[in-house]
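Have a look at the structure below, then the notes.
Nothing in this text is a laboratory measurement; each read-out follows from the coordinates by a stated rule. Computed from a predicted structure; not experimentally measured. Here Cβ is always computed from backbone atoms with ideal geometry, including for glycine, and neighbour counts include all displayed protein chains.
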Amino acid sequence: MPSRPRPRPTRALLATAAAVLVVLAGVLIWFVPYLTRRTEVVAETPDPAALFTLAEFPVPPRGSACMSDVTVDPDSRLAQVRLRPVNPRAALGPPVELVLSAPGYRGVVRVPGGYPGGIASLPLSPPPSRPLIATACFLNVGHTTVLLDGTTETRTLSRSNTLLDGRPVPGDVALTLFDNRPRSLLSRLGEVFGHASNLTDHLVPVWLIWLLAPLVALAVPIGVLAAFYRAMREDEASGLL
């Protein structure tokens, strides 16, 4: 009895198989390195920089600019600020100290004098042992005025109140706190899911996010490929392929 010829793969099936290979290649080439690449991690952004219009806060010699309600946690090991001298052509920037203080804690970052202006990233000594709400004070310990970059844009303002030499002023001085220990996103999934749960005020618990994450990660590409295959089948049945 002659054997029946094996059915040839349809064009829809071949196109879907090619799409699966493209997705797998993308996972291996882009997504896996993205998860495992070790990078410097933002611990907190108490006061973000302006998006469009830069605001400058002038701090005179021996003056200060202080902000309340600044969140600091144990991963806050590197402080980043933006500052410049009033007239870079006439003089370089004066030394500036950033002091983060809360009950039972005091951390200090010092920007040495002699800079032309720009971004300064310096280690915070010491980082706190627990999350806390601190006051951040920029102290000009030099002999010339320094300009601190910040924002007065409504979309980038934080809950902090800013005092310039003890006087309330609108806006915030830009301040970002980093963890200087490079880590991968994969190693921080628990931390990321914890932040996601916090954004829902714990209405979505962390354990549920752990359960949903792999389901979503698998269901989305499978659903897209299934829809692609169905569309190709319909085109093939109607003679468009």
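Applying both filters, DSSP loop and at most 12 other Cβ atoms within 10 Å, to the trypsin sites (Lys or Arg not before Pro) of segment 73-147 gives Arg89.
The angle between the Cα long axis of helix 189-199 and the longest principal axis of the Cα atoms of the chain comes to about 70 degrees, rounded to the nearest 10. In terms of packing, defined here as the mean over residues of other Cβ atoms within 10 angstrom, the peptides 116-128, 204-216 line up highest first as 116-128, 204-216.
Under 1.5 on a/c is rounded, so check that first for segment 184-241, then, if it is not, pick prolate when a/b is larger than b/c and oblate when it is not; a ≥ b ≥ c are the square roots of the alpha carbon gyration tensor eigenvalues.
Numbers: a/c = 5.08, a/b = 3.21, b/c = 1.58.
Here segment 184-241 falls in the prolate category.
Of all the options Thr16, Thr36, Thr156, the one that moves most in a Gaussian network model of the chain with Cα springs shorter than 10 angstrom is Thr16.
Between helix 206-237 and the chain there is an angle of about 40 degrees, using the helix long axis and the longest principal axis of the Cα atoms.
Of the peptides 60-73, 223-236, 159-172, how do they stack up when ordered by the mean number of other Cβ atoms within 10 Å, highest first?
Working: 60-73: 17.9, 223-236: 13.9, 159-172: 15.5.
Ranked from most to least packed, the peptides come out as 60-73, 159-172, 223-236.
Express the relative contact order of the chain as a whole percentage, based on alpha carbon pairs under 8 Å and six or more residues apart in sequence. Present the calculation step by step, with values, prior to reporting the outcome.
Details: 466 pairs, mean separation 70.9, N = 241.
Value for the chain: 29 percent.
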